[in-house]
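Any read-out appearing in this document is the output of simple, stated calculations on the displayed coordinates, not a laboratory observation. These numbers were taken from a predicted model, which means no experiment stands behind them. Positions of Cβ are generated from backbone atoms using ideal geometry, with glycine treated the same way; all protein chains shown enter the neighbour counts.
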Amino acid sequence: MAKPTLEEALISLHRYFLSASTFRSQYGKLLPSIITSPDAKLQAQIFLEEWYAKLQVVVDGWNIIKKQYSTFQSDSVIDGLLSGFTKKQHTAIKDHRDGTYHFRPKYYDDKRMDVFLHLDGMDLPKVHQAFSDFFLQMLKARREKEAANIGVQISVNSDCGMSKCS
């Protein structure tokens, strides 16, 4: 089987990012009601944990693409944010991802929950927004290239489902 092109790999990574964005959005919608509703609190916890885990999948994919595709022009904002994480923070978010997607018999598994102890200095919303900006720019450039090839002008906007993350 042939290695996917860089564009295919980035579109695949975007799919994981969209999943992370969905969980982030659902978490944000529940935040106002977590104080008064135990159900909302549990749902918000699930969405937050899924968001963090999916975001780590995006970071893993980003690092794989950087290593495997010599023509990839990495994003300095994303790379700068990720390089600011300590080794403990990297380990905590990876353990959280593993504990979210692999069964652990203990409900509040220490490895899975350690991420919440190491959040200081680990601005995951900012990392998420940097990926959003990257993908918006990538998709805009892709559409402009396609439009130029067929001689039609199109625009990328929130109606296309590609708006900035809030």
Distance in nm between pseudo-label sites at residue 3 and residue 34 (7 Å out along the Cβ direction from Cα): 4.2
Segment residue 139-residue 101, extension gain: residue separation times 0.36 nm, minus the distance between their alpha carbons: 10.8 nm
Gain upon complete extension [residue 25, residue 111; 0.36 nm per residue less C-alpha separation]: 28.5 nm
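As a check on your grasp of the helix formula, calculate [θ] at 222 nm for the chain: sum -39500 (n - 2.57) over DSSP H runs of n ≥ 4, divide by the residue count, round to the nearest 500.
Numbers: 6 runs with 110 residues, N = 166.
For the chain, the value works out to -22500 deg cm²/dmol.
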10 Å Cβ shell holding at most 11 others, DSSP loop, trypsin sites (Lys or Arg not before Pro): longest site-free stretch of the chain: 1-105
Rg(Cα)/(2.2 N^0.38 Å) for segment 1-68, N = residue count: 1.43
Segment 1-108: chymotrypsin sites (Phe, Trp or Tyr not before Pro) in DSSP coil with no more than 12 other Cβ atoms inside 10 Å: 103, 107, 108
Pair-distance profile P(r), taking every C-alpha pair of the chain, with 5 angstrom steps and integer %: 1, 8, 15, 18, 19, 15, 11, 6, 4, 2, 1, 0
In nm, spacing of pseudo-spin labels at residue 45 and residue 148 (7 Å Cα→C-beta vector): 5.1
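Between their Cα atoms, which of 29/66; 88/140; 3/126; 41/106; 29/87 are more than 25 Å away from each other?
Details: 29/66 34 Å; 88/140 36 Å; 3/126 31 Å; 41/106 20 Å; 29/87 32 Å.
Correct reply: 29/66; 88/140; 3/126; 29/87.
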Nitroxide proxy distance, nm - points 7 Å out along Cα→Cβ at residue 70 and residue 87: 3.1
